[in-house]
1. Do you know which of the residues in region B:480-493 that are within 24 Å of B:LEU467 (Cβ to Cβ) and modelled with pLDDT of 90 or more is nearest to the other protein chains (Cβ to nearest Cβ)?
2. Return a yes/no flag: does region B:259-278 have any residue that is away from every other protein chain (no Cβ under 14 Å) and among the small types (Gly, Ala, Ser).
3. Can you tell me which condition A:ARG223 does not meet? The list is (1) more than 31 Å from the chain's Cα centre (by Cα); (2) under 23 Å from A:GLU245 (Cα atoms), and all the others hold.
4. Go over the candidates B:LYS149, B:LYS157, B:LYS170 one by one and state the one that is in the same structural domain as B:HIS230 (by the TED database), more than 22 Å from the chain's Cα centre (by Cα) and surrounded by fewer than 12 Cβ atoms within 10 Å (Cβ to Cβ).
5. Step by step: first the residues of region A:494-535, then only those that are assigned to a helix (DSSP H, G or I) and of a type in the set (Lys, Arg), then the one that is nearest to the other protein chains (Cβ to nearest Cβ). Which residue is that?
6. Go over the candidates A:TYR387, A:TYR337 one by one and state the one that is at pLDDT 85 or above, among the hydroxyl-bearing types (Ser, Thr, Tyr) and surrounded by fewer than 19 Cβ atoms within 10 Å (Cβ to Cβ).
7. Name the residue, out of A:SER393, A:SER409, A:SER389, A:SER413, that is farther than 22 Å from A:ARG441 by Cβ and in contact (Cβ under 8 Å) with a residue 40 or more places away in the chain.
8. In region B:318-332, what residues are at pLDDT 90 or above and within 14 Å of another protein chain (Cβ to nearest Cβ)?
Amino acid sequence: MTRECALLLPRVCAALADPRQPGSDDTCLEKLLDWFRDLAEFDPTMKLVEDNPCLTEFIASVLALPEPSPSILSFTLRLAGILAASENRFQHLQQEKLLVRLFGRDGPLNSAVWEDASVRSGWVEGVHSMMHHQPALHFLCNGGGIDVIFTLQGDPSLFVASAASQLLVHMLTLSVESETTKPPSTKDCHWPACAQMIIKRIEDSLQSSSASHIEWSLKLLTRLFGSCRATWTEVLWLGIAKQIESFLTEETVQAQHMLVNLLLNMARSPVFCDTEGNFWALVTSALEHLTPVQAGPLAVGILRLYKCPQDVRIQALTVLLQPMDCILRAASQPLEYAGLLDESVSDPIAVESLLSSKSSCASLLCQTLAHLEELLSLILLPVDLPYTSLLRSLMTILQFCNGFLSPASPLGSTISRILINCFRVQRSALDVLAALLERKRYDTLIGSLFDVLLAYLESPNTSPTVLKKTFQATAKCLVRLQELSYSNSQWQQAEKKILEDVFLVLQKRLCSPCWEVRDSSLEFLTVLIKYLRDKDEFRQSLLSSEVPRLTENLLEDPESYVRASAVFAVGQLAFITYFDPESPVIGNQYNKENTIAKLQEILSTDPEGFPRRAVIRVFTKWLREGCTGQLEDTEQFVSRVIQTVEHDLDWEVRLGALELVEVFCIHTICQLGLPKCPYAPVSSAVTSSIHQNEWLQIFCRAKLFSFLFRSLCDCDKPVGQKACKILLALRGNFYPISTLKDSQEAGDSPAGHGIAWLQRTLRQGSLAQNFPTDGGNGVDFQDPESMVLALGTIDLEELHDELNKSSDHVEKSPQSLLQDILATVGTIEENEADCY
Amino acid sequence: FFQYCLSGHPTLPCNVLKFKSTTIMLDCGLDMTSTLNFLPLPLVQSPRLSKLPGWVLKDGSTFLDKELKECSGHVFVDSVPEFCLPETELLDLSTVDVILISNYHCMMALPYITEYTGFTGTVYATEPTVQIGRLLMEELVNSIERVPKSQSASMWKNKEVQRLLPAPLKDAVEVSMWRKCYTMPEVNAALSKIQLVGYSQKIELFGAVQVTPLSSGYALGSSNWIIQSHYEKVSYVSGSSLLTTHPQPMDQASLKNSDVLILTGLTQIPTANPDGMVGEFCSNLAMTVRNGGNVLVPCYPSGVIYDLLECLYQYIDSAGLSNVPFYFISPVANSSLEFSQIFAEWLCHNKQTKVYLPEPPFPHAELIQTNKLKHYPSIHGDFSNDFKQPCVVFTGHPSLRFGDVVHFMELWGKSSLNTVIFTEPDFSYLDALAPYQPLAMKCVYCPIDTRLNFIQVSKLLKEVQPLHVVCPEQYTQPPPTQSHRTDLMIDCQPPPMSYRRAEVLTLPYKRRYEKIEIMPELADSLVPLEVKPGISLATVSAVLHTKDNKHVLQLPPKPPQPPASKKRKRVSDDVPECKPLKPLLSGSIPVDQFVQTLEK
């Protein structure tokens, strides 16, 4: 603790304990506690309380108040807990009789303030903080604290209830691990006293008839097995396993849903997952007995495990896929397709009844689909899914949802009736479809899949969000199709037809009156071009459709999001229409200069930020891919962009422009020769000065330096940081590290004066306001010599560090916090003075 | 309760309800799909149509070749288009007391009923219904009369001959009932029999029943009707909408507690969501115009067109279509656009509030002001001077058999740049296009039908809970083309009772009570005795007096006094003589007690 803080602290404590003060700002109190926690952890000795007797005085004075405010009392409880975390300070507070008055029977526990949830929460947190040593454990166990904590598990405040449960787990672990030299084992099951108290209560509540008591204990066990992986947990489990098993079969106790997380946490613990037999038998039994909705999360959790017996995994897969299997069976003639599952392992009655009820059908399907998506998103899937049947089932769901399928069975008719126009299911199914396509190549089904997707794309009833997801799935599908058609001419024909259909519908969607639809159509187009632009079939179909022209029209859309998406699409389109020398002959309608001029106009005049940011990103991409022509063209291009953007009000646009500058620098330096990587400093001081001159001249002509130096003082920090990074990289090219020191002294030349001014101004951070436009103050940003000098002279490292400090680094200090608290008190004192 | 079903068309109903002593006709819709069997009536001589070959029977007989022409494999009657009238033989229509009209589309057969059947009753309808109905009739008469056709085909209607014809002529029903269009004097005579009513206005019919129109939310002035007596309530729901479009929203609450609910006029395209279709309409329109093509929208001069113009008003600027002219061509275009602006009280809340600003409720006023929308009575005259392409033309008739639309189909049909967008759901677009084949023009089907769909109906029925539902048979099964869509039918308990053309239904409801009033003097004389807790009985001796379907119990006349004078005697002549009243017994006899008493 600094001296200043130590001086401020007594006044702060006095102010906080003053009942006349209004309730202090909660965030201040939280910050204060964070600070104390850091101090207490850093030094567990008595120093903190000895040096600052005001702390114990504060606790005592709060306790002395007849009616302390709940927030201050809660703060005090937590502060005492933090202080008591070390054994020394615990003893000290005990001697002062503070702890017993705070946490014992006669404390807030039995007073009216206990009604306030913040006090209860403070009590639990305080106890939790101090629970690091045996004296604390005994203090609480002997004082009857365990009962209080058990009761708090049912607290109306969820925060308190959860903290209480967490505390019990912590205490149990602490007791077992600190109070015995040898933890209990299956052979020697002797628990330390405190642990014994907790375990006894867990066992009692599991056997009680109270649903809430059972729920608390199950939650507690779930937490325990989730956080503690010690072998003694198995001993604990053996004592309660039978009881818990009975919950699965007994209908009187509604505890099934609680078991899922418990079993999953256990399955993840090495203590249980390696055991043969009993535990996994319980999991299998749970998969059988839980309802499909309850069993789903358990099944997906199990399928994510790498250590799991194969038969349990198959059982879990059966549970998870059962709704999908039912869908497939309900839609098709018997024996037309094999279902997803072997009939002998699945009993579909429960799932069928859920699927044929209006209230549960959509939610069961959405849950199953969400689980499937979760599984498919795993990089390594420990289980092999029946991909083809799964895809068929998804297609069936999608067809049910748009009413295109006439089902053969009565169950099918019922499901179809429920699902027609159900957007929720459509969205989930399309998400899974996209994930599935990411994972697997389908040869045989891709044709019919396109039929389903096209029906969605074409239907006016498709909602904008569903349409967006359909576009995403279609894009993935088209990429897959392209891979297929490389190898097979039959697919080439199919691809041509599909592309024509897709562009036809895209054309219409680009004219939609709903802006979301136009927007997602443009996004779709952008993705397509990105992945398929090298494919001849694709380019021909695209260029022979109206899509490119409609896309350019949308640069003038009234909706800014759409304009931004149109900019991206046009940016991608340019790779096919202008930049590709092999591009098929196209009419005058696609004019490169026109397009660039249009984009530049958006950059300089569009009233919204999104389209302008989009333009900058497109330009950067063009530059990165070397599409902006020869170096001279590029130089002019970059210069024009910089001048347009310099005064842009949107910092992301300015940052984007700096990225463009960075790419330009790399591009120029690479094109003009050594060194290959611009960020590697040149090896010796005698690097070819000719090259340097050339780069320098280009950068100066393009007005790069004035933009970079101005950006150093940008009011938005990321811009300054980026500019600094670029300047540092550039300097690396001119000044090898070894030569830097010598050249940091600016000479007496006129240029030198200017640089000195620049340096001063940069330190004050005021360049942006006073930036010399006409070379005033002696800095000529277009003069290569001055710029080399500036790069060498200005301490960019210092600027860099300064910029990297967070903007609240001053306000965040403990001293500032203490002053803040006092300042609020100060106003009260002043007001008091006014009263007199 | 009887219902005579005179029309088989579910959205153009014509039913007659016999209820108590009244005979009430509910709507008189005119089924115009019959016109699809006829050749179009071109405004200017069409070489293509006049050169169509006559139809020859399989055996080579050519006697029908003047009446029937063949075009792209379809056979059409070359004659003035005719309409299929409601059934007239099922009951004597001169006995109909009143006709209740629910919306302007459902009154197109009115002149045939009022002018040809000896009808002497009254027609009830709201003001917008009458005014816009008049416009529709005027347009219809005008478009047929201005292209006089000398020839009238009737030979093909002969039952023996009809059997030999190809489908769909072979299967056309009731061809003998098909009639040519009525004339303007007949329209005027029919409309003069209409009495205007307002929403929730109660109209007494002969003291027996009360009828009330309620807003149905479908079109300007469209109504559902409640027909009720003291103890029975029949609701007639025809052409209703729950969507927020221009008309006043639907009044659902008043339909509650109906004994019978007759449900007609649901959406004809249950799979097409109107919002999606409007989007589709706009997209296709913009796409065509941007490609330099023209757009033709065959439509009625009132109704959905107002909503379409409103959508376009918001859309054209954003879609960069500000320079594209929109033409609305109809003999009643001007009146339609102007009428819509003056029926403020019949509009939805949003539009009503505009009137107080004051602003025109519909934005088409601004489109007209800014010259983006222009309207003309016909293609002749001013229009030919102003006509610029590419453009968008709204014109009738949606059947493509008469009206200015025929001209544009002939003009634009050859170019694939142009598009015809069908928005009216009344006609099959493929049948409408048949006589124009082969056609290069693009065709887009965006039927916009804002009437109730089956999901909305099931919600409505759950809400209002009628005891019985009666509906056309089409609503009790999935559409024939989508037999698996069991969601596209009415699902309620008890299952609805269905009807078809020319059927007489006995409605499943028996009248059990009649209201009788007791005169106060008589009521004073009653001495109720409590026979069970809460139930008191009194014997009444009175005279039942019935007049205008109202029943009143009056005091019985006093026992005749000995005649005092001649004058008095004459007065007492009017009332029947009554003997002194005997005590009356009621309930079952307590046998034991009775026997004991006898024994005594």
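1. Here is the first cut: in region B:480-493, the ones within 24 Å of B:LEU467 (Cβ to Cβ) are B:489-493.
Next, from what is left, pick out any that are modelled with pLDDT of 90 or more: B:489-490.
Details: B:MET489: 10, B:ILE490: 14 Å.
Looking at residues that are within 24 Å of B:LEU467 (Cβ to Cβ) and modelled with pLDDT of 90 or more, I get B:MET489.
2. Keep residues of region B:259-278 that are away from every other protein chain (no Cβ under 14 Å), which gives B:259-266, B:268.
From what's left, among the small types (Gly, Ala, Ser): B:265.
Checking region B:259-278: at least one residue is away from every other protein chain (no Cβ under 14 Å) and among the small types (Gly, Ala, Ser).
3. For A:ARG223, the exception is condition (1).
4. Working: B:LYS149 fails: surrounded by fewer than 12 Cβ atoms within 10 Å (Cβ to Cβ); B:LYS157 fails: surrounded by fewer than 12 Cβ atoms within 10 Å (Cβ to Cβ).
The match here is B:LYS170.
5. Initial filter on region A:494-535 (assigned to a helix (DSSP H, G or I)): A:494-510, A:515-532.
Of the ones still in play, those that are also of a type in the set (Lys, Arg) are A:496-497, A:508-509, A:518, A:530.
Numbers: A:LYS496: 21, A:LYS497: 19, A:LYS508: 5, A:ARG509: 7, A:ARG518: 9, A:LYS530: 25 Å.
Among those that are assigned to a helix (DSSP H, G or I) and of a type in the set (Lys, Arg), it is A:LYS508.
6. Values: A:TYR337 fails: at pLDDT 85 or above.
Going through A:TYR387, A:TYR337 in turn, the sole match is A:TYR387.
7. Details: A:SER393 fails: farther than 22 Å from A:ARG441 by Cβ; A:SER389 fails: farther than 22 Å from A:ARG441 by Cβ; A:SER413 fails: in contact (Cβ under 8 Å) with a residue 40 or more places away in the chain.
After ruling out the rest, the residue left standing is A:SER409.
8. Start the filter on region B:318-332 by keeping residues that are at pLDDT 90 or above, which leaves B:324-332.
Matches in region B:318-332: B:VAL324 only.
The values are calculated or read from the model by the stated rules, or taken from the named source; none is laboratory data. Keep in mind it's a predicted model, so treat the numbers as computed, not measured. All Cβ positions, glycine included, derive from the backbone under ideal geometry; neighbour counts span all protein chains shown.
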